[in-house]
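Working notes for the structure below.
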Amino acid sequence: METPVFEELDPASDCDCPGCVHWRRVLPPGSRAAGPVGHPATLSHVRGLARAGRTPMALALAATAGAVLAAGQAVPAVAAAHGPALPGVPAGDEPDTPQGGKAPLHGPSGKPAAAAKPGQAAKAPTTTRAEIINRAKTWIDADVPYSMSAYWKDGYRQDCSGFVSMAWGLPGNEWTGSLDSFGVRITRDQLQPGDMLLFHNPDNPEKGSHVVIFGGWTDYTHTYYVAYEQTPPHARKQSTPYAYWSNSDHYVPYRYKGLAEGAGGAEPSTPTPPATPGTATRFPGAAYFGTGANNAYVTQLGKLLVERGGARFYTTGPGPRWTSADQRATQAFQKAQGWTGADADGRPGPTTWAYLTGKKGKDIPPVAGSPGAPGTDTSHPVPAYPGRAMFRPGANNAYVTQLGKQLVKKGFGTHYTTGPGSRWGEADRRNVEAFQRAQGWRGGAADGYPGPETWRRLFS
C-alpha cells in the first residue's frame, strides 16, 4: 500500500484543535516541526480534529493515517485544511505587537511634553487623507524601529497605536482602547485611504491587540489592501489580506473624525458618487485619485479626459480603478494648459477638475503624424478612439458597427457573411487582423483587436 500524501496548508497560529494544543505545549517556544510549511501538528493534528469532530475530512484523514501506521509504514507530514486558511502567510506576518498605554507626546529631550489639563477632552485636529498617508510614509521611509517604550523624534511612541496616533496627527499617544473615540465606525465597503482597522482585545489589551492604517485596495476583488503599520522590526507598508493575517474577524474599520471637508469627512459613509458620470462639477477631493483609488470619480475623470483628446492613453477604456493611464492622460492635459512642475504631476486638483468639467482650456494635442497634428491633413478628421474595451468578446455597441463599416469601406470586409453589426465577433477580429497585416505588422501588433494606431490609420 502506497503511503498517502496530503497537501499541507498553513493554518491560523491560534488553532485550538487538540493536536495543535499538544504540540504548542511540548515544542520549545518559537520552534516549528519540519514539513513543507511547518505546521507543528502533523498526524496529531488530524487525529485531534477527528476527536473534536471538526470536519468529516479530518475523520477520513485520521482513519487513513491510522491504517498506514498499522501496516508499519512511515507516514510523511500530514495536516488537514483549516477554514479559512491564511493565504500564503510569510514568516513574521502575524506580529507580536505589545503596546504602551495612553501618554502625552514626548519632546526632544525624551521627556513627556505638557499634557492636556485634567478633565479637558482631547480634540481631533483637522487633517486630510493625503496628510495621513504622507505622515505614515515618513516612518516607513525612516525604518522607525518598533518599541513600546521608545519615542520617535516627532514625540510619538514607536508601537502600533503610537503609529496611528502619529498618522492621524492626534495631540497625544493613544492606544487601541482609546483610538476608536477619535473615529466613526464604518463598513468594509466604505474604507478609504487614511481610515484605520482596529483590533482591541479586552482579554489581553496590551499584547493581544493591533491597529493599522488602510492605504487602499490592491485589486477589484477587495480581498487584499495596502496596510501601513508599525510592527517588529520596523514600520512597514505591505499588501495584506482583509482584515489581517490573524484575528481577521475582530478588526473594525474606523474613519477619523477630524477629516477636512472634501476629504471624506467624518460621516460614516463615502460621498455619494455622481448618478451619471460627467454631471458632478464639484471637486471631490484629492483622496479619490491616486494609487489604490477605486470609485466613480475616477471613471468620470477618464471620460472627461477622453473627450479632451486623451483617448490614446487608455487601452481598456476609463474605469473606476486608478491606473497609470489616468495619471498620464491627466498630466498631458495639464501640460497642454502650459502648467509645469507640481501643477503637472498627473494628479487632478481643483483647478484641473474645474477645467475639465467646465470645458475650459486647451485640449490634449494629438501626437505627431496623427490627424490634427501640425503638418497633417485635417480634411478627414478621425473620430475619437473609444478604447479597447469596446472591442472584446461579448461587446455590443455602436463602435463595433462603426468599425465594421469602415473596414468594408477600406476593402477589408471579406470575412463578413451578414454585414457589420453591433456585436463583436470573430469576423470583426479577422478583418481587423487583415488590415493590421496590410500595414506590415506581425505578432501581437496584428492580433485583430483595434488599438489607437489601428483606429487612426483605418479612419484616416
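The values are calculated or read from the model by the stated rules, or taken from the named source; none is laboratory data. Note that the structure is a prediction, hence the values are computed from the model and not measured. Neighbour counts run over all protein chains shown; Cβ positions are idealised from the backbone, glycine included. Heavy atoms of the whole protein, side chains included, go into the accessibility calculation; ligands, DNA and RNA do not. Shrake-Rupley method; radii C 1.70, N 1.55, O 1.52, S 1.80 Å.
See the values below:
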quantity	calculated
Search result, residues across segment 318-332 that are within 14 Å of PRO348 (Cβ to Cβ) and surrounded by fewer than 18 Cβ atoms within 10 Å (Cβ to Cβ)	ARG328
Residues of segment 435-453 satisfying the condition of being among the aromatic types (Phe, Trp, Tyr) and either open to solvent by 60 Å² or more (accessible area, probe 1.4 Å) or modelled with pLDDT of 85 or more (or both)	PHE435, TYR449
Of all residues making up segment 293-317, the number that are more than 20 Å from GLY361 (Cα to Cα) and either basic (Lys, Arg) or crowded, with 17+ Cβ neighbours inside 10 Å (or both)	9
Qualifying residue in segment 231-238 (condition: open to solvent by less than 20 Å² (accessible area, probe 1.4 Å), on the phi < 0 side of the Ramachandran plot, modelled with pLDDT of 90 or more and not charged (D, E, K, R))	yes
Residue match in segment 335-342 (condition: open to solvent by 40 Å² or more (accessible area, probe 1.4 Å), modelled with pLDDT of 90 or more and within 29 Å of the chain's Cα centre (by Cα))	yes
Pairs, first closer than 15 Å to THR138 by Cα in segment 148-160, second outside any loop (DSSP other than H, G, I, E, B) and of a type in the set (Val, Ile, Thr), C-beta under 6 Å, six or more apart	CYS160/VAL211
ARG282 being touching an Asp or Glu at 6+ places or on another chain (Cβ under 9 Å), modelled with pLDDT of 80 or more and more than 24 Å from LYS237 (Cα to Cα)	no
Segment 158-185, subset in a helix (DSSP H, G or I) and open to solvent by 20 Å² or more (accessible area, probe 1.4 Å), residue nearest to PHE199 (Cα to Cα)	ASP180
Every residue from segment 186-210 that is within 28 Å of THR323 (Cα to Cα) and either among the aliphatic types (A, V, I, L, M) or open to solvent by less than 10 Å² (accessible area, probe 1.4 Å) (or both)	ILE186, LEU191, GLY194, ASP195, MET196, LEU197
Lone qualifier among ALA395, ALA368, ALA384, ALA373 - being modelled with pLDDT under 90 and open to solvent by 80 Å² or more (accessible area, probe 1.4 Å)	ALA368
Boolean, LYS207 is in a loop (DSSP other than H, G, I, E, B) and at negative phi	yes
Number of positions in segment 223-243 that are outside any strand (DSSP E or B) and more than 29 Å from THR126 (Cβ to Cβ)	3
